[in-house]
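Peer 1: Just dropping this structure here.
The values are calculated or read from the model by the stated rules, or taken from the named source; none is laboratory data. All values reported here derive from a predicted model rather than from experimental measurement. Backbone-built Cβ (ideal geometry, glycine too); neighbour counts: all protein chains shown. Please note that ligands, DNA and RNA were not included when accessible areas were found on the heavy atoms of the full protein model with its side chains. Shrake-Rupley method; radii C 1.70, N 1.55, O 1.52, S 1.80 Å.
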Amino acid sequence: MLDFHKNHKLLVGTALFGFLVLSILVALIPAFQIQKTQPLPTMEAFSEEELKGLRIYVEENCMSCHTQQVRNIEMDNTWGNRPSIPSDYYYSKQRQDVWRQSPSLLGSERTGPDLTDVGKRQPGMEWHLLHLYNPRIVVKESIMPSYPWLFELKEESKIKESDYLVPVPRKFINSSNKKVVASQKALDLVSYLQSLKQAEMPKNPAVSFIPSSKENKPTANAGEAVLPDGQKLYMNNCAACHQADGSGLPGAFPALAGSAIINDENPETLIRIIMEGYDARPEYGVMSGFEEILSDEEIAAIANHERSSWGNNAVAVTPDKVKQIRVFVKSLQQ
Amino acid sequence: MKNIKFYIGLLFLITIFPKEVWAQPTPNPDTANWMTSPGIVGTILLIVIVLVIAIFILTVKASGYFAQLQKSGERSKKNEFNERLLEMDEAEIGTILEKRRKAVSYQLTSSELGSDLEVEDSRGIIAGVTHEPNNPLVDEKKKSPITLDTPLPLKKIITWYIGASVFWLVFGTLIGQYLGMKFVWPEMDSISWLSFGRLRPVHTNAVFWGWASLTMIGLGHFVITRTSNNTLYSYKLAWWAWWLMNASVAIGTLFLMSGINNGGGEYREYIWPVALLFAIGMVITFYNFYQTVAHRKIEEIYISNWYLLGGLGWTIILVVIGYLPMYQDGLGETVIQGYYMHQGVGMWFMTFTLGLIYYYLPSSLNKPIYSYSLGVLAFWTQMLFYTLIGTHHFVFSPLPWWLQTVAIVFSAGMLIPVVAGTTNFLMTMRGSWNEITKSYVLPFFLVGVVFYFVGSAQGSLQAFRFTNFIWHFTDFNVAHSHMTMYGIITFMLWACVYAILPKITGREPRQIFVGMHFWMAFIGLFAYMVSLMVGGSMKGLSWIEGEPFIQSVILMQPFWLWRAIGGTLMFISHLLFAYNFYDMTRGLKKIPKSPDQKNPAPADAGRNRLRTKNEITTN
């Protein structure tokens, strides 16, 4: 009966059949099931521009270094407020066309940061364009490739009204009398990146991070609140534009070292800028607010780091002060 | 004896199951004691095993060298003897000489045992005449004396398959080397066709489908005909498959560089029309192999052919499932991706290569495989366990928790086929350890077998949830994939190529170049692996600590540099391998097409049959 070693038909037939059955159980059935997932009501479909940007993201194979999945373990909290759920991929992971399948956006390597929530974390248009033209303009230690073929070098006289000029510092342009103009592809890609935000979960979040057993957040120690690490928060949230040494980037992001706003004894302007963002000076890029992203303690810690570093010297801010300002800002919005 | 080993293996499995596999959601681990976690301790142990074996090989080689040094010591004893002679008095010497003269003057007629004919080595049995036997640069290796009678068309097919694969190896690893350097100098170029994202799949696909697959299939053609004791079903089909598969890799490479990819899923980056070419090549090869086995001249199907046919058939199913679109929207694609990328490695490269080892290892040692039954056990468990573990690439992802758990459980189960295979190979090698010094093929086999155990077991450990905290998404994965695709598959394939090519072309490579190839590849791989493992672990710990991301990029710099250095050594060794390939095959065209190549002499045919029989008779 079971003479596998003599009957080639039986041997090959059994091996192929067995493999097929197992494949159906472990791949096809779960794939069909999970494909039925519907999007969250808070999610929006891509605009045409964003979808084109996604195509460029796939074309340049950004997935080989950037993941788009927030795992349900606490260390991934850096990359999003909640773990990713199947619905998150409803719009982005559709078949592209006859030739190309649904993109593998989840990724397997995190050589660069996770991009699930990059639209919230890094909302500025200028920043993205500079970073794509040459990542080392904004992040010195970055090893990401430059994408100069998404930009054009134009002479000043040929620049049209509709062209989007990118404020690239001189030393990063080879021909000195030309200016960098973003191509439509670059703009599409940036609009895709800006659209990457975790959708709000309706009601109570059904998914949450598996909590940390370690460091139980240092809670109030005899009334005196211990602030989180301001430098770490600054590095994660601010340094990409304002740089680790607070020097900013001329033409794109203002310097914080020696800034009058930061050294002001009254921290109100500083804290309001952190919360509401800033777009008052045309020579710099737009900054968006962190009201939703950072807590009172975190904002206070960042402000204190900025007020005591790079030669800045101003009195510390308390979370209570931040709280007051948050209430005030809220009242303005109503 | 065998059973006991199996139960010990099972016991070992059971002891590690409850702790790791059935563990419920674990919180961020306490990283203070990370070094003592079972997964990490296991990995370190495994790497130490490789080191120990490397040292073993080195010691064996070195002891051979010292034996030679000893000989020169004996020479100096002779000198002492001469001096003693000078001190003797005349009379004493006189009597000794007289005795000696008588002894010497006795002469044989010099033809007692033979004839007066002049000595002539008409069959070319004496090989490797050296004029300085005491001072060779490297140890002299055993020649492979048998030239197997292989039909010329088959010789050509095997040579061309391997030849094409050598090209893809050099090309693919040149790209890999360039990519490795980009980690250190990201500004090396800013040409779209050479950017990192586009080139990475060029590297992986060229070495997967170009190098490993083509060599495997080329070597498989020999095994399938030899162990079926018959000629290949169709030479023409083999050539069709050759053209289709090469075309697929060449066109696929151009598409990837120009930015046309299937969606970035690893190892299925070629768009479907390009992958289809490869798939048709696979189907043709499967049909050709299957028919050859169906027309075999012996009753049993040798165990190698189980693996070869299984590997081909499974991979065809796999590619079809991987490319059909009906269930691949949303996370459906991710389920398939985990399944596909893992089975691509497990059902294709690993299965097929195991089949090759079951033939080439015992035939290089000139003895049968240790156990046929272990091979059968490994075959079915390979199918059962390997198929279920793809999702371990997505632990903690939004994929269903049960799917992840199944993957982790069976990853641990993979130890059964791995232990069965390793035991089988090592027991086959047992008793022939001294052959290692004498052969340039066996060191490759030994390293491959050791990595088979180490790389696979380490992979099982890496699937555990704890190790995923530290290693997932880091460069550790890259180290693991090189440890397996390079340490296991590539080393095994080199062993097989060096074992068979000289026998069918009649030309052996220069041994010093084979030795250099071996050591540069091995040391290069070790530098590559260890640097990325250490760096990857530090990266993971930095993430758990919540340090800014850029910190983990900065801390990797020195490790990326070491990786590039290791990669350079590996790449140079491939150039040597390419030269050796050229050296072994350059005479092939000149071989006269003698009639007895098609119809082997009766005596030879008898011997062939006997050998085949020996190989399948096992305990």
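Peer 1: Considering each of B:THR204, B:THR231 in turn, give the residue that is at negative phi, more than 9 Å from chain A (Cβ to nearest Cβ) and under 22 Å from the mean Cα position of the chain (by Cα). I'd like the intermediate steps shown before the answer.
Peer 2: Values: B:THR231 fails: under 22 Å from the mean Cα position of the chain (by Cα).
The unique qualifying residue is B:THR204.
Peer 1: For the range B:542-554, enumerate the residues that are of a type outside the set (Val, Ile, Thr) and either modelled with pLDDT of 95 or more or open to solvent by less than 30 Å² (accessible area, probe 1.4 Å) (or both). So that I can check it myself, show each step before the final result.
Peer 2: Kept after step one, since they are of a type outside the set (Val, Ile, Thr), are these residues of the range B:542-554: B:542-543, B:545-549, B:551-552.
Matches in the range B:542-554: B:SER542, B:TRP543, B:GLY546, B:PRO548, B:PHE549, B:SER552.
Peer 1: Something else: For residues that are open to solvent by 10 Å² or more (accessible area, probe 1.4 Å), in contact (Cβ under 8 Å) with a residue 40 or more places away in the chain and of a type in the set (A, V, I, L, M, F, W, C), scanning just the range B:313-340, find the one that is farthest from the other protein chains (Cβ to nearest Cβ).
Peer 2: Among them, the one singled out is B:VAL319.
Peer 1: Looking only at residues in the range B:543-560 that are more than 7 Å from chain A (Cβ to nearest Cβ) and hydrophobic (A, V, I, L, M, F, W, C), which one is farthest from the chain's Cα centre (by Cα)?
Peer 2: B:LEU555
Peer 1: Go through the range A:89-98 residue by residue and tally those that are at the interface with chain B (Cβ under 7 Å from one of its Cβ atoms) and among the charged types (D, E, K, R). Spell out the reasoning first.
Peer 2: First, pick out the residues of the range A:89-98 that are at the interface with chain B (Cβ under 7 Å from one of its Cβ atoms): A:89-90, A:93-96.
With the extra rule that they be among the charged types (D, E, K, R), the set shrinks to A:93, A:95.
Summing the residues that are at the interface with chain B (Cβ under 7 Å from one of its Cβ atoms) and among the charged types (D, E, K, R) in the range A:89-98 gives 2.
Peer 1: List pairs: first residue in the range B:225-239 and part of a loop (DSSP other than H, G, I, E, B), second residue open to solvent by 60 Å² or more (accessible area, probe 1.4 Å) anywhere in the structure, Cβ distance under 7 angstrom, at least six positions apart or on different chains.
Peer 2: Going by the 7 Å Cβ cut-off, the qualifying pairs are B:ASN229/B:LYS297; B:ASN229/B:ARG609; B:ASN230/B:HIS295; B:ASN230/B:LYS297; B:TYR233/B:HIS295.
Peer 1: Related question: Among the residues of the range B:259-281, is any outside any loop (DSSP other than H, G, I, E, B), open to solvent by less than 40 Å² (accessible area, probe 1.4 Å), closer than 22 Å to B:VAL478 by Cβ and within 10 Å of another protein chain (Cβ to nearest Cβ)?
Peer 2: No, the range B:259-281 has no match at all.
Peer 1: Output the residue which, of all residues in the range B:297-312 that are part of a loop (DSSP other than H, G, I, E, B) and more than 8 Å from chain A (Cβ to nearest Cβ), is most open to solvent (accessible area, probe 1.4 Å). Don't jump to the end; show me each part of the working.
Peer 2: We begin by selecting, within the range B:297-312, every residue part of a loop (DSSP other than H, G, I, E, B); these are B:297-302.
Pick out the ones that are also more than 8 Å from chain A (Cβ to nearest Cβ) and you get B:297-298, B:302.
Values: B:LYS297: 140, B:ILE298: 34, B:TYR302: 3 Å².
In this case the residue turns out to be B:LYS297.
Peer 1: So, one more: Considering only residues that are among the acidic types (Asp, Glu) and open to solvent by 40 Å² or more (accessible area, probe 1.4 Å), which ones fall in the range B:176-201?
Peer 2: Step one: of the range B:176-201, the residues among the acidic types (Asp, Glu) are B:187, B:189.
Once the filter is applied, which keeps residues that are among the acidic types (Asp, Glu) and open to solvent by 40 Å² or more (accessible area, probe 1.4 Å), the range B:176-201 yields only B:GLU187.
Peer 1: Being modelled with pLDDT of 80 or more and part of a loop (DSSP other than H, G, I, E, B) is the filter here; which residues of the range B:101-120 pass it? Give the derivation first.
Peer 2: Step one: list which residues in the range B:101-120 are modelled with pLDDT of 80 or more, which gives B:101-106.
Of everything in the range B:101-120, just one residue is modelled with pLDDT of 80 or more and part of a loop (DSSP other than H, G, I, E, B), namely B:TYR106.
Peer 1: Please go through the range B:465-489 and pick out each residue that is part of a helix (DSSP H, G or I), open to solvent by less than 20 Å² (accessible area, probe 1.4 Å) and within 23 Å of B:GLN551 (Cβ to Cβ).
Peer 2: Scanning the range B:465-489 gives B:THR467, B:ASN468, B:PHE469, B:ILE470, B:TRP471, B:PHE476, B:ALA479.
Peer 1: Quickly run through the range B:501-529 and pick out the residues that are open to solvent by 10 Å² or more (accessible area, probe 1.4 Å), closer than 12 Å to B:ILE565 by Cα and aliphatic (A, V, I, L, M).
Peer 2: B:MET520, B:ILE523, B:ALA527
Peer 1: Any chance the range A:80-87 includes a residue that's at the interface with chain B (Cβ under 7 Å from one of its Cβ atoms) and either part of a helix (DSSP H, G or I) or without any contact (Cβ under 8 Å) to a residue 24 or more places away in the chain (or both)?
Peer 2: Yes - at least one qualifying residue is present in the range A:80-87.
Peer 1: Right, something else. Tell me, which helices (runs of 4 or more DSSP H) lie completely within the range B:326-415 with 1 or more residues that are more than 23 Å from B:VAL497 (Cβ to Cβ)? It would help to see each step written out before you state the result.
Peer 2: Numbers: elements: B:332-343, B:351-365, B:372-386, B:401-413.
Those helices (runs of 4 or more DSSP H) span B:332-343, B:372-386, B:401-413.
Peer 1: Test A:GLN101 against the stated conditions and say whether it is assigned to a loop (DSSP other than H, G, I, E, B), at the interface with chain B (Cβ under 9 Å from one of its Cβ atoms) and either among the polar types (S, T, N, Q) or open to solvent by 10 Å² or more (accessible area, probe 1.4 Å) (or both). Can you show your working first?
Peer 2: Working: assigned to a loop (DSSP other than H, G, I, E, B): yes; at the interface with chain B (Cβ under 9 Å from one of its Cβ atoms): yes; either among the polar types (S, T, N, Q) or open to solvent by 10 Å² or more (accessible area, probe 1.4 Å) (or both): yes.
Yes.
Peer 1: Do we find a residue being under 24 Å from B:PHE522 (Cα atoms) and open to solvent by 10 Å² or more (accessible area, probe 1.4 Å) anywhere in the range B:444-452? It would help to see each step written out before you state the result.
Peer 2: Going residue by residue through the range B:444-452, those that are under 24 Å from B:PHE522 (Cα atoms) are B:444-452.
With the extra rule that they be open to solvent by 10 Å² or more (accessible area, probe 1.4 Å), the set shrinks to B:450.
Yes - at least one qualifying residue is present in the range B:444-452.
Peer 1: Would you mind finding the one in A:GLY119, A:GLY112 that is of a type outside the set (Asp, Glu), in the same structural domain as A:CYS65 (by TED's automatic domain parsing), over 25 Å from B:LEU179 (Cβ atoms) and surrounded by fewer than 22 Cβ atoms within 10 Å (Cβ to Cβ)?
Peer 2: Numbers: A:GLY112 fails: over 25 Å from B:LEU179 (Cβ atoms).
Result: A:GLY119 is the single residue among A:GLY119, A:GLY112 that is of a type outside the set (Asp, Glu), in the same structural domain as A:CYS65 (by TED's automatic domain parsing), over 25 Å from B:LEU179 (Cβ atoms) and surrounded by fewer than 22 Cβ atoms within 10 Å (Cβ to Cβ).
Peer 1: Residue by residue through the range A:18-76, note down the ones that are more than 9 Å from chain B (Cβ to nearest Cβ), closer than 19 Å to B:GLU269 by Cβ and not in a helix (DSSP H, G or I).
Peer 2: A:HIS66, A:GLN68
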